[in-house]
Amino acid sequence: MSTKPSRLKRVIKILLTLALCIATPYVLLIALVIGAFGAPQWAILLCFFPFIIPAIWIKRRKPYLITYVCLFLAVLICCGVQLGIAEYERSITIDVAPNINVDEYMPFREDSKIVKIDSKTLKFTADDELPRIDGASAAFPVYSAFVNAVYPNIKETELYGGVFEYNTTSDGYRLLAQRNTDIFIGAGPSKAQVAYAEQCGTEFVYTQIGWEAFVFFVHKDNPINSLTVEQLKGIYSGEITNWREVGGNDEKIIPFQRDEGSGSQSMMIRFMGDTPLMEAETKTIQGMGAVVEQVVDYQSRAGSIGYSFRYYLEGIVQNPEVKMIAVEGVAPTAENIQNNTYPIITPVYAMTYENNPNPNVARLVEWILSEEGQYIIEQTGYVGMKKDD
């Protein structure tokens, strides 16, 4: 009576086994390809596929299936953890913008945090051809204060995105090279940005308006308080990989970089000189704010290190979880920048281009170098020009 069902079950088992046997090499090949392309967790899961075959023939399947399911779930959990870590790693390359809350530093607002003066020596009117001004993230409060002091109080919708811009350094220099802006406030351009300007038939004009410190920072839990120039170059060239090598804890160094074309990355390249920046292990971050966040939050946060400009870190970010470190034993204070004892200082420029037909551009640059303009620079948090500079 039970012969036919038993035969049918046996036939089904045989057919299913044959199908699985035929499919198994292809599944394992797919697992191999997936593993080779950087998804080993899914490759491991696919490798469990052949273990289904014994379950077809074993009479007491329950213990086997329980063991199989437990192993499968364990691998699945491990894969989930690995995916979470991988997603976290990917998240550090996402652009974080804006790097500054521009609403807090807009001109012509009563609650703005900018330095406010009413210029007595230069005042543009609505009838003037207003210079189109742009700048780096860290310089936004400075050039916003310039606009507030000398530009007419026009509607914000007409001002912002018209004569008053806020772009990244790379975009800002691109627009200046294309002559779509008149003045860029920030650190000097990279070689690539200068080369692009030349391609556009534009020659940049450098006018220094102040000084700034290029600083390195670590998490507050890191016991390191000072590094030498050579040690910093060693870290970012990949020669120094553990904090123990520079007097710190026995912990891997996690060095963060900025994206290419940013003001701080261009400065970093100048700082490194002939020493090449490492590539394989270094984390690249778009947005200065993101660098600070990653040094604070990255997996082994006490092992992280980043770089920026002093005012941005100290005056805008003001994150108590990070600390600026001294270089050659000298802290990056305004006094040490002014007396030139801090070893890594950089000019802040009002960058323009040659033969600009708007005469008010030169007038604005001249005013920035005046007592009023320098007052804004210094009160904002930068270091102004000395009379003999």
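The values are calculated or read from the model by the stated rules, or taken from the named source; none is laboratory data. What you see is a predicted model; the values in this text were computed from it and never measured. A quick note on method: Cβ atoms are made from the backbone with ideal geometry, for glycine too, and the neighbour counts reach across all protein chains shown. Note: areas computed on protein heavy atoms with side chains; ligands, DNA, RNA excluded. Shrake-Rupley method; radii C 1.70, N 1.55, O 1.52, S 1.80 Å.
What the table below lists for this structure:
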item	result
Tensor-based shape of segment 222-273 (alpha-carbon gyration tensor, a/c under 1.5 rounded, otherwise prolate or oblate)	prolate
Per residue, in Å², the accessible surface of segment 199-254 once ligands and nucleic acids are set aside, probe 1.4 Å	44 Å²
Computed FRET value (nearest 0.05) for Asn319 with Asn356, which takes r as the C-beta separation and R₀ as 41 Å	0.60
Pair Thr125, Glu371: separation of 7 Å Cα→Cβ label points (nm)	2.6 nm
Inter-label distance for Glu203 and Leu73, nm, one decimal - labels placed 7 Å from Cα along Cα-to-Cβ	7.5 nm
Calculated FRET value between Leu15 and Ile66, using beta carbons and R₀ = 30 Å, to 0.05	0.70
Extension reserve of the Glu335-Val194 stretch, reckoned as 0.36 nm per residue once the Cα distance is removed	47.6 nm
Protection proxy ranking of 357-367, 125-135 - average other beta-carbon atoms within 10 Å, highest first	125-135, 357-367
Selected from Thr275, Ser144, Phe214, residue furthest toward positive end of dipole (segment 137-284; charges at beta carbon)	Ser144
Accessible area of Asp118 in the full protein assembly, 1.4 Å probe (Å², nearest 10)	90 Å²
Peptides 9-16, 237-244 ordered by average Cβ neighbours within 10 Å, highest first	237-244, 9-16
Two-site FRET efficiency, Leu8 against Lys252, from Cβ-Cβ distance with R₀ of 56 Å, rounded to 0.05	0.35
